[in-house]
1. Give the accessible surface of the chain per residue, rounded to a whole number of Å², with probe radius 1.4 Å and ligands, DNA and RNA excluded.
2. Students often get this wrong, so try it: which of (i) 6.5; (ii) 4.6; (iii) 5.0 is mean projected area of the Cα convex hull in nm² as calculated from the structure shown?
3. Roll a 1.4 angstrom probe over the protein heavy atoms and tell me the percent of accessible area of the chain that is carbon or sulfur.
4. How high is the relative contact order of the chain? Use alpha-carbon pairs under 8 Å, at least six apart in sequence, and give a whole percent.
Amino acid sequence: MNKELYIVTGASAKLGGCFIKSLQENNQKVIGLSRKNTELNIPVYICDLLKEDEVENIFNQINFSTKEHS
């Protein structure tokens, strides 16, 4: 079964954390974006979504391959 890769913004906040937990409970692949460093059991990329250059840099770093996030 192919799984989508979900990108959750605000990964370190309560709402983002709830989304991540729900996706993980349903065995979905998920990565997080956050303005601050946080310890989660998923890959988390640090960036400020209001800064276009940071967002572009992060999306260039993310490997959207299904094998990396399975």
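1. 75 Å²
2. (ii)
3. 48 percent
4. 27 percent
The values are calculated or read from the model by the stated rules, or taken from the named source; none is laboratory data. Bear in mind that the values here come from a model prediction, so they are computed numbers and not experimental data. What goes into the accessible areas is simple: the full protein's heavy atoms, side chains included, and nothing from ligands, DNA or RNA. Shrake-Rupley method; radii C 1.70, N 1.55, O 1.52, S 1.80 Å.
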